[in-house]
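Values quoted throughout were computed directly from the atomic coordinates according to the rules given, and no laboratory measurement underlies them. On a predicted model such as this, the values are computed, not experimentally measured, just so you know. Cβ atoms come from the backbone with ideal geometry, glycine included; neighbour counts cover every protein chain shown.
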Amino acid sequence: MARRLSAQERRQQLIRVGRKVFATNGYEGTTVEEIARRAKVSKPIVYEHFGGKEGLYAVVVDRSMADLTERIIGAIQRGTPRQRVEGAALAFMTWVKDEPDGFMVLLRDKPNSRAGGMAGLMHDLADHVSDVFAEQFVASGYDRRMAGLYARMLVGMVAFAGEWWLETRRAPPPEVVASHVSAMAYMGLRHLPSEPAPIDRSTLLPPPEEESP
């Protein structure tokens, strides 16, 4: 007979199963019945540990966000500006490779959710990266107030690259994707003017005129 799982082991199992089901079906398409069936337990067990689907979903999202945030913070703590950018991109892509289900859960996002999911993750990561950017901006004579904007651009670029990588069935290795992302980001930062000139609308091409019927 199979050994009976302890309460902690059962909780971990339900989190793993829940992550897989949420990644595949999304929040709305997931039911407690399916989670219980895949975990080979009764529905009351799921309710006992998490109070229901929403409680399990919250734990899955929190753990995924905490894991990725920890990896990226570790990657940007030291090194040259270029090494930090490369480290952040590689940490993100490596996490997507290691935890595709967690990434898909964040991508899908729970309807009407503002605190969790990808939107919440990107804001949290951008806040951390922003501190590093602010340090470098001040040292280079740039406007410190713009650090948050550039941090969000970098985080958004890496996040969408990770989504593309999964959708293309992981064609290039994550290290290659990270190298392209970091090269684009760093080369832009390296040649960043201290105060970019506002875009002059008069220099842009006018929209094409609609043909009359």
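Could the peptides 90-100, 4-14 be put in order, highest first, of the mean number of other beta-carbon atoms found within 10 Å of their residues?
Top to bottom by mean Cβ count within 10 Å: 90-100, 4-14.
Using the Kirkwood radius built from alpha carbon pairs, what does the Stokes-Einstein equation give as D for the range 25-104 at 25 °C and 0.890 mPa s, in µm² per second?
168 µm²/s
Report the gain in length on full extension from residue 184 to residue 78: 0.36 nm times residue separation, minus Cα-Cα distance, nm rounded to one decimal.
36.1 nm
What distance in nm separates the simple spin-label points at residue 43 and residue 123, each placed 7 Å from Cα in the Cβ direction?
3.4 nm
Rounded to the nearest 0.05, what FRET efficiency do residue 131 and residue 98 have when you use their Cβ-Cβ distance and R0 = 41 Å?
The pair residue 131/residue 98 has a calculated efficiency of 0.95.
If you place +1 on the Cβ of every Lys and Arg, -1 on the Cβ of every Asp and Glu, and leave all else neutral, what size is the dipole of the range 25-69 about its Cα centre, to the nearest 20 Debye?
My answer is approximately 220 debye.
Do any of 20/40; 20/43; 40/97 go past 22 Å between their Cα atoms, and which?
Table pairs above 22 Å Cα-Cα are 40/97.
What number, in percent, do you get for the relative contact order of the range 26-114 if the mean sequence gap of Cα pairs under 8 Å and at least 6 apart is divided by its residue count?
Relative CO of the range 26-114 lands at 32 percent.
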